[in-house]
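*Asks:* What follows is a single structure, and I will ask about it in a moment.
Read-outs throughout are calculated quantities, based only on the coordinates presented, and are distinct from any laboratory measurement. In this text, all values refer to a predicted model and were calculated from it rather than measured experimentally. So basically every Cβ, Gly included, is an ideal-geometry build from the backbone, and we count neighbours across all protein chains shown.
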């Protein structure tokens with residue numbers, strides 16, 4: 001993975017989105033409705049995307065992010081639920097992808113164990129910075 005310097009404002013918005021996604025799944029048991037957080041001119045907006053199928057909602061959210069005009073310090077973060085394949089197996093994962101006005105995409109993922117009849121929701125490890133190939137943007 002190429003080394004990149006990630007501006008602090010982008011890191012903060014990424015982790016805000018990731019935390020909100022994790023807490024939403026923890027509270028509801030899932031599934032997570034894809035959402036977008038936009039920070040422009042120091043103000044934040046949030047939009048959720050609904051459709052008959054979650055994949056369709058995610059496609060709508062990703063299309064929306066790609067259409068948002070970003071300038072200066074503007075940042076747009078897409079948050080969604082998916083899966084991560086690792087050498088340890090397939091994991092439920094909350095992803096947060098940030099796009100800034102330079103076109104740079106930064107992705108973080110937080111693996112989790114969903115709530116079941118026998119076990120409570122639990123995060124697995126720490127959030128991980130992921131290569132762009134994992135993303136939807």
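*Asks:* What does the highest-first list of 42-51, 25-34, 77-86 look like by mean Cβ count within 10 Å? Intermediate values should be presented prior to the final figure.
*Replies:* Numbers: 42-51: 12.0, 25-34: 17.1, 77-86: 19.7.
Highest-to-lowest ranking by the protection proxy: 77-86, 25-34, 42-51.
*Asks:* If you don't mind, there's one more thing I want to ask. How do 38, 6 rank when sorted from fewest to most other Cβ atoms within 10 Å of their own Cβ?
*Replies:* 6, 38
*Asks:* OK, next. Quote to one decimal, in nm, the extra length available between residue 123 and residue 9 on full extension: 0.36 nm per residue of separation minus the C-alpha distance between them. Walk me through the intermediate numbers first.
*Replies:* Numbers: separation 114, 0.36 × 114 = 41.04 nm, distance 2.42 nm.
Contour length minus Cα-Cα distance gives 38.6 nm.
*Asks:* On a 0 to 90 degree scale, rounded to 10, what angle separates helix 54-67 from the longest Cα axis of the chain?
*Replies:* Value to nearest ten degrees: 20.
*Asks:* Can you sort 39, 97, 19 from fewest to most other Cβ atoms within 10 Å of each residue's own Cβ?
*Replies:* On the way: 39 21, 97 25, 19 15.
With the fewest neighbours first, 39, 97, 19 line up as 19, 39, 97.
*Asks:* Stretched out fully, how many nm does the piece from residue 115 to residue 41 gain, at 0.36 nm a residue minus the Cα gap? Working shown, then result.
*Replies:* On the way: separation 74, 0.36 × 74 = 26.64 nm, distance 3.82 nm.
Additional length available on full extension: 22.8 nm.
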